[in-house]
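What follows is a set of notes on a single structure, which appears directly below.
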Amino acid sequence: MNIYKHEFKMSINSVITWSVSISLLLLVFMSIFSALAVDAAILNETLAKMPKELLTAFGMNGMDLSTVLGFYSFTFLFCQICLAIQASNYGFGLVSLEERDMTADFLLAKPVGRSSILTSKLLAALTGLTITNIVIWISSFVYINLFRGGRTYDTKTLLLLLSSIVLFQLFFLTVGILVSLLMKKVRSVTPLSMALAFGMYVLSAFGGMLGDAKLENITPFKHFDAAYIITNAAYDVPLVLLSVSVIIISITGSYLLYAKRNIRSAV
């Protein structure tokens, strides 16, 4: 439990920064909704004239941005990118930071098994991500109701969209951990987390533009596509199960690799 507390205290500033930043992002986007929705016909007409490939890349294909949830789904995509970077950052740094700073051997010298150490670190990261998740939930409901201008929306559909955040975060967190353990040494966490987050987004965008389902199948941006969830009021179950499978494989692989990992000593 002391490891958990230490890890959480080390990440609290990052959690606060990410939570506040994403909340402000939602505020900025949703605050302009009421002004845009007044000219809904012009907005939809403009979107109809835009290239289909461009709309697909931004998850706007077939979406009515004059509705509250339609516009929120567009905003949610940018939130997903931020969440992907945050979770990836925590995943890549979970084990590698101590190894890079040559302090991992001090932790492993304590009478605690490696599985317990990794579990405590994982729980600390999950706590931080959960706090960010809660902030997004609260901010979303507050801003939507504040700026919807009397327009109605389906609460159940919004709940489905927000609930997808948990698995979305877990995907990037666990893949980040696994990749870091597959690498001999992680020199810097930020480039890797940015590469994973934006790489997955680009695959989703180009997969949709090129009509290549194989590319879409490996990215959670497509597994939890906001436009699909809002349009159908449901998840794309096969793709969601694919994300769950990746999470399970990544967690299992991480524990196996960490148990056998050769930790360098500072001495």
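Sequentially through segment 113-118, phi angles give Karplus couplings (6.51, -1.76, 1.60; θ = phi - 60°) of x, 5, 5, 5, 4, 5 Hz, Gly and Pro residues having no value and appearing as x.
Neighbour counts of other Cβ atoms within 10 Å put VAL175, VAL244 in the fewest-to-most order VAL244, VAL175. Footprinting exposure proxy ranking of LEU83, LEU256, fewest other C-beta atoms within 10 angstrom first, gives LEU256, LEU83. Measuring between alpha carbons in the structure, the pairs from LYS9/LYS185; LYS185/LYS222; LYS121/LYS184 lying more than 29 angstrom apart are LYS185/LYS222.
Highest-first packing order for the peptide set 183-192, 72-81, 122-131 is 72-81, 122-131, 183-192, based on the mean count of other beta carbon atoms within 10 Å. Given their separation in residues at 0.36 nm each and the Cα-Cα distance between them, VAL202 and THR155 gain 13.9 nm when the chain is fully extended. Label positions at VAL28 and THR252, each projected 7 Å from the Cα along the C-beta direction, are separated by 4.2 nm. The residues neighbouring ALA35, those whose beta-carbon lies less than 15 Å from its own, together hold a net charge of +1 under the Lys/Arg +1, Asp/Glu -1 convention. By other beta-carbon atoms within 10 Å, ranking LEU25, LEU69, LEU170, LEU241 with the fewest at the front produces LEU241, LEU25, LEU170, LEU69. To the nearest 0.05, how large is the calculated FRET efficiency for HIS6 and SER188 if R₀ is 22 Å and r is the Cβ-Cβ distance? The pair HIS6/SER188 has a calculated efficiency of 0.50.
Laboratory data are not the source of any read-out in this text; all were calculated from the coordinates shown. Remember, predicted model here, so these are calculated numbers, not experimental data. As a convention, Cβ positions derive from the backbone with ideal geometry for all residues, glycine included, and neighbour counts pool all protein chains shown.
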